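Student: Dumping the structure here so I can ask a few things about it.
The values are calculated or read from the model by the stated rules, or taken from the named source; none is laboratory data. Predicted model only: the values in this text are computed from it and were never measured. Cβ: placed from backbone, ideal geometry, glycine included. Neighbour counts: every protein chain shown.
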Amino acid sequence: MSFESPVRLWLLVGVVVIAALYLVLQRRRSRYAVRFTNLRLLDRVAPKRPGWRRHVAATLFLAMLALLVVGFARPTDEVRVPRERATVIVAVDVSLSMMATDVAPDRLTSAKSAARDFVEGLPEEFNVGLVGFAGNASVFVAPVTDRTALNNGIERLEEGSAGEQGTAIGEAIYAALGSIQSLDAEAAEEPPPARVVVLSDGANTAGRDPDEASAAATSAGVPVDTIAFGTESGAIEGAGRRMTVPVDGETLEAVAEQTGGTYHQAGSSDELRAVYEDIGSSVGYTTERQDVSARFIGIGLVLALMAAAASMFWFSRIP
């Protein structure tokens, strides 16, 4: 924390002086009471004092003065604020392998649930879009701030809803970039600050090369965070036989590294939620130095009200 007018902090010396005078006066009152040897008469003219309570209002008042002085010095601090037009695209794999039950009840159902939590945790100002991909990619929801539309789109994600079988990670990235570029009339010339989050359980098996898509994302200044979801023991039933579909995050890790994003592995619903929470804490924010004097002034006013209330309740007067 720093101050735009640090010289004003010298007023705290005045607060310290007032506190010191208060202590001196309290000490003098105590000595005078001791010198007054007629204890019976003293009890009549100076009945029992309220003890510690008489110091509460004074302490609150002094703390209020100190906080107001700090606020008057115009303190500033680094504050995280949502970026204007910030856009996040969530791309979810809906290929057949996402029906593996190594993550209960299955990978896709768990991914949908975690995606809903992720979207709800983002600031309301964020534009959020949804892409589903298998052998190709489809934009289920264009970037919007309407969370109901996002939740409805997530609900529509199901195995095979993105066309033919396969895992087209490159196509998912291209579809996400297209959504970002069509956000509004300004997006073509002034792209919004954006990020793409890709969740899949396997390597790329269809569509354009993920390396090319990563290069396009890098050129557009869009980091791609990737999540490899599933375990080595994943398996599905198909054509009367059991097929193993172990998670393969090699392609996803390469995409994240090339685009400046982050790579994560999640082998359970809880781990996936933790990953989304970690990504959400770093998406679409910028750090700005802002005036935070209102914090100190606000707390100071609360203490002033507390001092007044304590004084009126115990002594029937305002300090």
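Student: Out of everything in region 161-177 that is of a type in the set (Val, Ile, Thr) and assigned to a helix (DSSP H, G or I), what residue ends up being farthest from the chain's Cα centre (by Cα)? Even if it seems obvious, please write down each step before you answer.
Tutor: Of all residues in region 161-177, those of a type in the set (Val, Ile, Thr) come to 167, 169, 173.
Those left that are additionally assigned to a helix (DSSP H, G or I): 169, 173.
Numbers: 169: 28, 173: 25 Å.
The selected residue is 169.
Student: Still on this structure, I have one more. Taking region 125-155 as the search range and keeping residues that are over 20 Å from the mean Cα position of the chain (by Cα) and in a loop (DSSP other than H, G, I, E, B), which one is nearest to residue 192 (Cα to Cα)?
Tutor: In this case the residue turns out to be 136.
Student: If the requirement is being modelled with pLDDT under 90, within 27 Å of residue 250 (Cβ to Cβ) and in contact with a Ser or Thr (Cβ under 7 Å, 6 or more places away or on another chain), which of these qualifies: 135, 160, 129, 166?
Tutor: Numbers: 135 fails: in contact with a Ser or Thr (Cβ under 7 Å, 6 or more places away or on another chain); 160 fails: in contact with a Ser or Thr (Cβ under 7 Å, 6 or more places away or on another chain); 129 fails: modelled with pLDDT under 90.
Unique residue meeting the criteria: 166.
Student: Moving on to the next point. Conditions first: (1) modelled with pLDDT of 90 or more; (2) out of contact with any helix residue (DSSP H, G or I) (no Cβ under 6 Å at 6 or more places or on another chain). Residue 112 passes all but one, so which condition is the exception?
Tutor: Tallying (1) modelled with pLDDT of 90 or more; (2) out of contact with any helix residue (DSSP H, G or I) (no Cβ under 6 Å at 6 or more places or on another chain), residue 112 fails exactly one: (2).
Student: Let me ask something additional. Give me the pairs: first residue in region 39-68 and over 14 Å from residue 305 (Cα atoms) and exposed (fewer than 15 other Cβ atoms within 10 Å of the Cβ), second residue of a type outside the set (Gly, Ala, Ser) and at pLDDT 55 or above, beta-carbon distance under 7 Å, and six or more apart or on different chains, which are they?
Tutor: So the pair list comes out as 50/314; 53/314.
Student: Can you tell me which condition residue 122 does not meet? The list is (1) farther than 21 Å from residue 193 by Cα; (2) touching a helix residue (DSSP H, G or I) at 6+ places or on another chain (Cβ under 7 Å), and all the others hold.
Tutor: Result: residue 122 fails condition (1) only.
Student: Only one of these conditions is not met by residue 133: (1) without any contact (Cβ under 8 Å) to a residue 40 or more places away in the chain; (2) closer than 18 Å to residue 261 by Cβ. Which number is it?
Tutor: All conditions are met except number (1).
Student: If you don't mind, there's one more thing I want to ask. Go through the residues of region 233-251 one by one and say whether even a single one is under 22 Å from residue 110 (Cα atoms) and in a helix (DSSP H, G or I). Break it down stepwise before answering.
Tutor: Filtering region 233-251 for residues under 22 Å from residue 110 (Cα atoms) gives 233-238, 242-251.
Checking which are in a helix (DSSP H, G or I) leaves us with 250-251.
Looking through region 233-251, at least one residue is under 22 Å from residue 110 (Cα atoms) and in a helix (DSSP H, G or I).
Student: Identify the residue in region 232-261 that is surrounded by 18 or more Cβ atoms within 10 Å (Cβ to Cβ) and polar (S, T, N, Q) and, among all such residues, is nearest to the chain's Cα centre (by Cα).
Tutor: Result: 259.
Student: Identify, from the list 120, 125, the residue that is touching a strand residue (DSSP E or B) at 6+ places or on another chain (Cβ under 7 Å) and among the acidic types (Asp, Glu). Let's see the steps before the verdict.
Tutor: On the way: 120 fails: touching a strand residue (DSSP E or B) at 6+ places or on another chain (Cβ under 7 Å).
From the options 120, 125, the qualifying one is 125.
Student: Would you mind stating whether residue 166 is in contact (Cβ under 8 Å) with a residue 24 or more places away in the chain, out of contact with any Lys or Arg (no Cβ under 7 Å at 6 or more places or on another chain) and crowded, with 24+ Cβ neighbours inside 10 Å? Quick ask: steps written out before the conclusion?
Tutor: Working: in contact (Cβ under 8 Å) with a residue 24 or more places away in the chain: yes; out of contact with any Lys or Arg (no Cβ under 7 Å at 6 or more places or on another chain): yes; crowded, with 24+ Cβ neighbours inside 10 Å: no.
No: the conditions fail for residue 166.
Student: In contact with a strand residue (DSSP E or B) (Cβ under 9 Å, 6 or more places away or on another chain), assigned to a loop (DSSP other than H, G, I, E, B) and surrounded by fewer than 17 Cβ atoms within 10 Å (Cβ to Cβ): which single residue out of 186, 158, 190 fits that description? Spell out how you get there, then give the answer.
Tutor: Numbers: 186 fails: in contact with a strand residue (DSSP E or B) (Cβ under 9 Å, 6 or more places away or on another chain); 190 fails: in contact with a strand residue (DSSP E or B) (Cβ under 9 Å, 6 or more places away or on another chain).
Residue meeting the stated conditions: 158.
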